[in-house]
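Let me begin by presenting the structure, written as structure tokens, before commenting on it.
The values are calculated or read from the model by the stated rules, or taken from the named source; none is laboratory data. Keep in mind it's a predicted model, so treat the numbers as computed, not measured. Every residue, glycine as well, gets a Cβ built from its backbone with ideal geometry; the counts of neighbours run over all protein chains shown.
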Amino acid sequence: MSGDQSHRDLDERTQRELVSLADGSLEDDRRAELEARLAASPTLRAAFERQRAGATALRGLSLDAPASLRTRIAAEAATSPRRVRRPGFALAGALAGVVAAAAAAILVLPTGSEAPSVLEASRLAERPPTGPVTVDPDSQKLLAANVEGVPFPNLTKEFGWRQVGTRSDRLGDREARTVLYAHDGKRIAYTIVSGDGIAAPSDASTTKRNGVTLHALADRDRRVVTWWRNGRTCVLSASDVGDRELLKLASWKGDGAVPF
């Protein structure tokens with residue numbers, strides 16, 4: 001089934017709520033129900049990822065595109081909802097033109113971009129999982145998920161932290177994948193970012209555990225630990241778990257099964 005066909009098969013309320021979830025405006029009571037449906041439905045996840053990608057492209061254009069392009073996009077976004085028969089997906093129609101315009105604009109923009117920050121990576125933890133993640137059949141100490149060959153650890157047997165879902169995002173031109181783990185009603189988020197390692201914030205405290213250099217800091221109500229594995233940036237964060245536990249999980253090597 002194509003992406004367009006799967007969208008047409010959704011009821012209008014679901015379409016509207018997917019758009020609201022993608023732009024962060026969905027109310028909390030509806031968010032929890034929709035996130036549960038996303039976890040169980042590949043069709044819904046595909047529709048949501050399309051909406052989220054479009055919303056991300058639109059936000060990026062407002063910062064980087066030329067003024068003439070931004071004006072054109074704003075005009076199209078303002079008029080499209082009145083032309084499209086299904087109001088819940090008016091944004092999707094507008095974004096089709098926006099993304100096409102963005103592709104042309106990118107060709108004339110200067111090459112190169114700043115690396116995302118550790119805090120930007122840690123805030124991906126605030127987004128819901130969009131799919132399941134399983135144990136690597138070849139190694140019980142790893143999960144069947146990785147970023148550029150750097151796999152996520154299986155923390156269940158050693159620490160009791162069970163993987164409950166995963167999601168993929170873009171930070172600038174980089175891939176960022178996050179696995180969420182749960183234990184005793186608490187939740188942690190483990191993100192790996194593609195590309196060269198990102199420097200830790202200057203106000204982070206530095207320590208060494210199990211031969212691994214780790215940096216810990218606070219971000220709003222979350223504790224954050226960041227480090228590198230095989231040159232890739234890893235970020236572990238939680239709102240109700242302390243540094244001691246996060247540092248222990250971050251530095252775990254699984255008797256050599258977890259590559260560093």
What number goes with the only condition from (1) of a type in the set (Gly, Ala, Ser); (2) modelled with pLDDT under 95; (3) within 14 Å of the chain's Cα centre (by Cα) that Gly131 does not pass?
-> (2)
Members of segment 118-174 that are touching a residue at least 60 places away in the same chain (Cβ under 8 Å) and aromatic (Phe, Trp, Tyr) | Phe159, Trp161
Tally the residues that are closer than 23 Å to Arg45 by Cβ and buried (at least 20 other Cβ atoms within 10 Å of the Cβ), restricting the search to segment 155-168.
-> 3
Among the listed residues Glu33, Glu17, Glu49, which satisfies the condition of being surrounded by fewer than 16 Cβ atoms within 10 Å (Cβ to Cβ) and either at pLDDT below 75 or assigned to a helix (DSSP H, G or I) (or both)?
-> Glu33
